[in-house]
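The next block holds one structure in the form of structure tokens; read it before the comments.
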Amino acid sequence: MKIVLATRNAGKIKEIKQMLPATEVLTLNDFPALAMPPETGQTFRDNALLKALFIAEKTGLPALADDSGLEADALGGRPGVYSARYAGKDSTDTDNYLKLLREMKGIAMEKRKARFRCVIALAFPDRRAFTFDGVFEGYITLEPRGAKGFGYDPVFLVPEMGKTVAELDLEEKNAISHRARALRKLKDFLESGAWKSP
Ligand code: IMP
């Protein structure tokens, strides 16, 4: 089976290829003229579906897309689908997590519960589509710690490990992350053959 990944993000491509060794994985780099539609959905699921359906239609091949972000309970689930642009359109990872720390200033540790969420959508050119989600539970720290990873990793504490995600090695993160959990569900689904049309 051939699948097109609706991304040009090298990190995501590597992670997904590693997870699906039996699948021939193409990416948007193989379709340079294709531009992604804007992420106008109100949920991670909506955004993952709109990207996967668009790429399946344009390429005539099954397509995979993901959408992910951080939900802080004390902020009613924000930044959510706005995680990548929380501090503005061209904001850096550091701008975004510093804004989060500012917004959560004065909130006690036990009320700083948060989770990373990832939704992966698999769509077919005939418009059949399936979604898989993964969550990664933790707490927002009072200050950033660690230098690995990306995004909100320096301010996301994994309570069982006493470390932020930015203090974990990539292999440790990939064993427990939201994206890895969603990918495992996708892998099981692909191997089950349940996606084949009747
Ligand atoms: P997208 O899924 O590529 O649209 O990006 C979602 C945004 O959520 C990223 O830019 C990060 O800010 C944040 N995010 C998603 N997954 C992670 C993660 O594993 N660590 C840290 N931040 C993440």
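Residues that are closer than 25 Å to Lys196 by Cα, part of a loop (DSSP other than H, G, I, E, B) and within 14 Å of the ligand (Cβ to nearest atom) do occur in region 3-12. Taken over region 148-157, the residue count meeting the criterion of being open to solvent by less than 20 Å² (accessible area, probe 1.4 Å) and not in a loop (DSSP other than H, G, I, E, B) is 4. Scoring Thr59 on the criteria (1) at pLDDT below 95; (2) of a type in the set (S, T, N, Q); (3) more than 19 Å from the chain's Cα centre (by Cα) leaves a single failure, condition (1). Among residues that are among the aliphatic types (A, V, I, L, M), assigned to a strand (DSSP E or B) and surrounded by fewer than 19 Cβ atoms within 10 Å (Cβ to Cβ), Val119 is not included. Scan region 88-113 for residues that are open to solvent by less than 40 Å² (accessible area, probe 1.4 Å) and touching a residue at least 24 places away in the same chain (Cβ under 8 Å) and the total you get is 6.
Residue-by-condition table, conditions (1) in contact with a strand residue (DSSP E or B) (Cβ under 8 Å, 6 or more places away or on another chain); (2) assigned to a helix (DSSP H, G or I):
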residue	(1), (2)
Val81	yes, yes
Tyr97	no, yes
Leu100	yes, yes
Arg115	yes, no
Thr131	yes, no
Gly138	yes, no
Gly146	yes, no
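For region 158-198, taking the residues that are touching a helix residue (DSSP H, G or I) at 6+ places or on another chain (Cβ under 8 Å) and assigned to a strand (DSSP E or B), the one that is surrounded by the fewest Cβ atoms within 10 Å (Cβ to Cβ) is identified as Val158. For Met104, indicate whether it is of a type outside the set (Asp, Glu), in contact with a strand residue (DSSP E or B) (Cβ under 7 Å, 6 or more places away or on another chain), over 25 Å from Ala22 (Cβ atoms) and more than 16 Å from the ligand (Cβ to nearest atom). In short, no. Apart from one condition, Phe150 fits all of (1) within 13 Å of the ligand (Cβ to nearest atom); (2) in contact with a strand residue (DSSP E or B) (Cβ under 9 Å, 6 or more places away or on another chain); (3) on the phi < 0 side of the Ramachandran plot; the exception is (2).
The values are calculated or read from the model by the stated rules, or taken from the named source; none is laboratory data. Please read these numbers as outputs of a predicted model, since none were measured by experiment. Don't worry about glycine lacking a Cβ; one is built from the backbone with ideal geometry, like all the others, and counts go over all protein chains shown. We work out accessible area using only protein heavy atoms, side chains counted, and drop any ligands, DNA or RNA first. Shrake-Rupley method; radii C 1.70, N 1.55, O 1.52, S 1.80 Å.
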